[in-house]
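Student: One structure, pasted below without further comment.
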Amino acid sequence: MSFPWAKHYEPKSGFTKWIDERLPLPRLVYGAVGAGYPVPRNLNYFWNFGVLAGAALAIQIVTGIVLAMHYAANGGVAFDSVEHIMRDVNGGWFLRYAHANGASMFFVVVYIHIFRGLFYGSYKAPREMIWLLGVTIFLLMMATAFMGYVLPWGQMSFWGAQVITGFFSAIPVVGDTIRIWLLGGYAPDDAALNRFFSLHYLLPFVIAGVIILHIWALHIPGSNNPTGVDVKGEQDTVPFHPYYTAKDGFGLGVFLFIFAALLFFAPNSLGHPDNYIPANALQTPAHIVPEWYFWPFYAILRAFTVDFIGIPAKLLGVLAMFGSILLLFFLPWLDSSPVRSANYRPLYRIFFWVLVADVLVLGWCGGSPATPLYVIISQISAAYYFAHFLIIIPIISRAERPTPLPNSITEAVLAKKGGTSPAHTALSGSAVPAE
Amino acid sequence: MVRAIAILIGAGFVAVLSWALFWSIQGVITDPPAPTAVDEFHLHPKEVELASNGFFGTYDQRQLQRGLQVYKEVCSNCHSLKHVAFRDLTQLGYSAAQLKKFAADWSVKAKQFDPKSGDTTERPNTPSDYFPTVYYPGTGNPPDLSLITKARHEGPAYVYSLLTGYRDQPAALLKKFPDAKVPDGLYYNPYFANLNIAMPPPLTQDGQVTYLDGTKSTVQQNAKDVAAFLTWAAEPNLPTRHAYGLAVLGFLLFFCILAYGAYQNIWRDIKH
Amino acid sequence: MASGNTLEVPRQDEPHHDGEPRRRDFLNIAAVAAAGVGGIAIVVPLINQMNPSADVLAQSTTDVDLSKIEAGQGIVTSFRKQPLFVRNLTPAEIAAADKVDVKTLRDPETLAQRTRGQKNWLITLGVCTHLGCIPQGITSGEDRGQFGGYFCPCHGSQYDTAARIRKGPAPKNLFVPEYKFTSPTTVTVG
C-alpha cells in the first residue's frame, strides 16, 4: 500500500475479476496480509505476537459463542450451568477450559506484543495512532476479561465484581451512586450478572473492530523492525505472503502447542480454587485476588495505603491504577528520542529491562496476600513504574547518546550475517542444488 | 510541555508512594506483625499417590468404587454431592441394573412437588437423578463435595490430609498462643485453614468401612479412596481429557515440525 | 544498498514453480494440509456441542403406571419433553379401529401393529404429524373428531381410535414410540 514497489492485486480468472470490480475484498486482503504488503525482511519472532493475538481473539470469540449456547446468566443457576457444561454437554469441558485458558493465553501474547513495542520503539512517529489504538484494545480486553470472570458466579467471580465495582465508589460525591447504577443493586446479583454477560458478549466484537483500525493504521507507515530504521527500498522488504504467513504459521503451531499443554494437562493451574465454590454474598474468601493478568495493577492499587494532603488512600489507589494504564496513551510524546530500537539506546535498554523486572515484581506482589512486606515491595515497585514512564523516559530520551544506526535494514542484516556472498540458507541436509 | 507536566505528575506519584512507604516501614518497625497460630502450625497437605496424577493419569475403577462406598457410609450423612448424577456412576464400572438399584436404595429420596396439591412428596431416586441434597442442621456448614478437590489448593491431597490429620492440639501451640485453645465443639486439624474444624473426625478406626473387594480397610486407605472418588466427582472427564491431550499435542508437534520446515524452505534464499 | 544485488528478493509471482512442484515444495503442501486437517478436527467439538447433552439423553426413558387408567380414559404424560398419550381403548373403540380397511388409509397400519400385544393400550406421542401441535381428545370431554380418536385444532387433522390419520393435512399416523411392558401395569417407554 504504502511502498511504490508493493505488488498490486491482479484477478486471474473471469470470476475473481467480476468480484474485484464489484467488491474488491480479495484486493483488500491481498494488500493487508497478502503478497501486496511489503514487510521488513529482518523481523524477529517477537513480531509473531500480533498475529497470535488475533488468533487468540478468534479462539475466544468462537468458544465463547458456543459456551453462550449453554450458559444461563442468572444468579440461581449460573454456577450450575457452568458445571452442566463441564459434565454433560458434549465436549463442554474442552470448550470451557479452552475459553478460560484462552483468556490467559490472549493476555500472555498481548503483554509480549506490548513489551515488544516498548523495546523497539514501535509507538514512535509515525506509528503513534497504532499505539493509541493498541492501548484502547488493551483496556477493552481488561474490561471484557473482568466481566467474563464474573460469569461462572463462583466466590471469586462475586467478590471480584464487588471489589472492582468498588473502585467507582472512590469517586468523590457521586461514587456510590455510580456503583449502584453499575450493579443495578446494592451488591452484585442477577441484574449485574445479566448486564456483564451482555457486555461480555458485545465487547469482543468491539475489540475486533478496533483491531481492524489498528491494522489499518499499521499499513500506513508499514511495520517497524528490530533496527527501528525506516525501510529505504525494495531490497529491505519481503512480501507478507508467503514469507510472513509461513513464519506466522510456525508461530501459531508453537502457540497452540503451549495452549493445548495448558488446556489438557493443567487447566485449573491459572485459576483460583475459590471460584469452584458457588457465590456466597455473606462470606468473603480469605484471600481475594484477581486473575494473574491483573496482578501488577492490583499491586499498584494496594500500594496506596495512606491519605495524602486530604486525598483518601482509596481514591489515590484507584487513580494510580487507572493512571498506570492511561499514561501509556502519552508515551509517544514522553519519549522524544528519535531512535526507535533499544538495540541502539544503551541507557534506555537498561531501564527497559528494569521495567520488565519491575512489572514482574508487581505481579508477584499483586498475587500475594497484602501483608506488610508485600505492601512495601509494591510501594517501591509502583514508584519505579510511574518514575519509569513519567520521569526517566522523558529525561533519558534527551540525555542519552545512541550508538550508530545502520544505514538500512539490509546493511544491518548483512552485518549480522557477516556475509558478502549470497550464502545458501536453505534447509540443512537438503541435496537440492541452488538454481 | 507534555514532558514537563509528566515529570511533575510522576514526581507526585513518587512522593505519595514514598509517603506511604514511610508509614509502611514505620508500621513494621513500631508494630511488627506478630506471628499467629495459623502461621506457625498450619500444615501443607501431604502428597497422595493417586492413579489420576500425572500426564497419563486415569482413574482406578476399583478404587473409585471403594471411595464411593466410603462416601456413602461415612460422608453422605452430612455432605451433598449435588453435581453428580447416579447415571455418572457407570464410569465406575457399574451396570445399568446395579445403578438403578443403587439409586433406588439411596437413603435420601428425591423430592417431588405436586403443583396441584402444593405438597412435596418423596420418591426413590432414578439413575437420571442427581445425588439429593443433604440438609444439615448441626454446627458448621458441611460443604457440597462435588467440586471439593477443585475448590481447595491441591484438592486430593487436602482431602486425604484433612481426613487423616486429626490430632490433639499440640502443647507447644498452647504454650505460645494461650488464647488459641480449640473452642468447644470444634476439633484441631492442622490441615484446616484456621486449624479448628467443626467436622468431628469422620474416620476413627480401621475397619469402619468393610470393603466389598476385600481390600484391607484402614483409615489411611479409606481416606485415600475417598480422595480418589472425590477427584473423580469433581473432574469425571479427566481420562478423556488426558487421552485427547496426548493426541492433540502429538499432532501439534508434527504440525510445528512441518511448519518450521516450510518456513525455512520459503525463506531459504532470503537473508534475515 | 550497495549489496542489493546479492540480496535481490526473488520474484514471488510463481515462487519456485518451474512447471512441476519441486520436491521441497512438498513440505509447504504438507504443512498447509496438516493445518487443514487440524482446522477440520477442531470444528467437530464446535458442532457436536449442540447435540443433546448427557443429562438430556439420560431422561430418554419414562415409566408409565397403567393401573389407574380406566377403559375409555387416557392420560398425558411426558416423554423426552414431548406429550405422550396413553389411552385405554374400550372394546367398541377397538372394534371400530379393526373394522377399517387398512388399504384405504393414508398411512396403512393395523391397530395390532400399533400396539404391543395388548390391543387396548394405545400409546402414541401427542404430537400431530402435520406441524407439531398437540391434538385434542386424550382427556375426556375434549373434541375427538369425527373418527372418535384425536382432533388437531391447529389445521384440522382427524385421527381415529388407533390414532391413524383419517382426514386433514397430517401425512402420518401419530408416532408410536418404542416401549415394553415391564409389569402387567407398567410400561417403560424409550
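The values are calculated or read from the model by the stated rules, or taken from the named source; none is laboratory data. All of these numbers come straight from a predicted model, not from anything done at the bench. Positions of Cβ are generated from backbone atoms using ideal geometry, with glycine treated the same way; all protein chains shown enter the neighbour counts.
Student: Scan (1) away from chain B (no Cβ under 11 Å); (2) modelled with pLDDT of 95 or more; (3) over 24 Å from B:Leu249 (Cβ atoms) for the single condition A:Asp274 breaks and write down its number.
Tutor: (1)
Student: Out of C:Asp107, C:Asp98, which single residue is part of a loop (DSSP other than H, G, I, E, B) and of a type in the set (Asp, Glu)?
Tutor: Only one candidate qualifies: C:Asp107.
Student: Hey, A:Ile409 hits all of (1) free of Cβ contacts under 8 Å to residues at least 12 places away in the same chain; (2) in contact with a strand residue (DSSP E or B) (Cβ under 8 Å, 6 or more places away or on another chain); (3) hydrophobic (A, V, I, L, M, F, W, C) but one; which does it fall short on?
Tutor: Of (1) free of Cβ contacts under 8 Å to residues at least 12 places away in the same chain; (2) in contact with a strand residue (DSSP E or B) (Cβ under 8 Å, 6 or more places away or on another chain); (3) hydrophobic (A, V, I, L, M, F, W, C), only one is false for A:Ile409: (1).
Student: Right, next: Considering only residues that are of a type in the set (Gly, Ala, Ser) and in contact with a Pro (Cβ under 8 Å, 6 or more places away or on another chain), which ones fall in the stretch A:51-85?
Tutor: A:Gly64, A:Ala78, listed by residue number.
Student: Among (1) farther than 22 Å from A:Asp80 by Cβ; (2) touching a helix residue (DSSP H, G or I) at 6+ places or on another chain (Cβ under 6 Å), there is one condition B:Leu147 misses while meeting the rest; what is its number?
Tutor: Going through (1) farther than 22 Å from A:Asp80 by Cβ; (2) touching a helix residue (DSSP H, G or I) at 6+ places or on another chain (Cβ under 6 Å) one by one, B:Leu147 breaks only (1).
Student: Just for helices (runs of 4 or more DSSP H) wholly inside the stretch A:212-326: which have at least 2 residues that are not assigned by TED's automatic domain parsing to the domain that holds A:Phe167?
Tutor: Filter on the stretch A:212-326 gives A:295-303, A:313-326.
Student: Also, I was wondering about something else. Hey, A:Thr63 hits all of (1) more than 9 Å from every other protein chain (Cβ to nearest Cβ); (2) in contact (Cβ under 8 Å) with a residue 24 or more places away in the chain; (3) closer than 26 Å to A:Gly209 by Cα but one; which does it fall short on?
Tutor: (1)
Student: Please indicate, with yes or no, whether at least one residue in the stretch B:157-171 is of a type in the set (D, E, K, R) and either in contact with a Pro (Cβ under 6 Å, 6 or more places away or on another chain) or more than 30 Å from B:Asn194 (Cβ to Cβ) (or both).
Tutor: no
Student: Right, here's the next one. Does the stretch C:43-75 hold any residues that are surrounded by 14 or more Cβ atoms within 10 Å (Cβ to Cβ), more than 7 Å from every other protein chain (Cβ to nearest Cβ) and in a helix (DSSP H, G or I), and which are they?
Tutor: Selection gives C:Val56, C:Leu57.
Student: Given the stretch B:168-272, what helices (runs of 4 or more DSSP H) lie entirely inside it while holding 2 or more residues that are within 17 Å of B:Gly67 (Cα to Cα) and either in the same structural domain as B:Gly140 (by TED's automatic domain parsing) or under 18 Å from the mean Cα position of the chain (by Cα) (or both)?
Tutor: Answer list for the stretch B:168-272: B:219-234.
Student: What are the residues in the stretch C:57-82 that are touching a residue at least 24 places away in the same chain (Cβ under 8 Å) and hydrophobic (A, V, I, L, M, F, W, C), if any?
Tutor: Of everything in the stretch C:57-82, those that are touching a residue at least 24 places away in the same chain (Cβ under 8 Å) and hydrophobic (A, V, I, L, M, F, W, C) turn out to be C:Val64, C:Leu66, C:Ala71, C:Ile75, C:Val76, C:Phe79.
Student: Can you pull out every residue in the stretch B:54-75 that is without any contact (Cβ under 8 Å) to a residue 60 or more places away in the chain and in a loop (DSSP other than H, G, I, E, B)?
Tutor: B:Gly54
Student: Another question about this same structure. With respect to A:Leu362, is the statement that it is under 22 Å from A:Phe330 (Cα atoms), under 21 Å from the mean Cα position of the chain (by Cα) and either among the aliphatic types (A, V, I, L, M) or not assigned by TED's automatic domain parsing to the domain that holds A:Tyr344 (or both) true?
Tutor: Answer is yes for this residue.
Student: Within the stretch A:133-162, which residues are among the β-branched types (Val, Ile, Thr), surrounded by fewer than 24 Cβ atoms within 10 Å (Cβ to Cβ) and touching a Phe, Trp or Tyr at 6+ places or on another chain (Cβ under 9 Å)?
Tutor: A:Val135, A:Thr136
Student: Quick check on my filter: what residues within the stretch A:7-49 are more than 27 Å from A:Pro221 (Cβ to Cβ), part of a helix (DSSP H, G or I) and not aromatic (Phe, Trp, Tyr)?
Tutor: Across the stretch A:7-49, the qualifying residues are A:Gly14, A:Thr16, A:Lys17, A:Ile19, A:Glu21, A:Arg22.
Student: Here's another thing I want to ask about it. Name the single residue, out of those in the stretch B:17-38 being closer than 19 Å to A:Gln379 by Cα and outside any helix (DSSP H, G or I), that is nearest to the other protein chains (Cβ to nearest Cβ).
Tutor: B:Pro33
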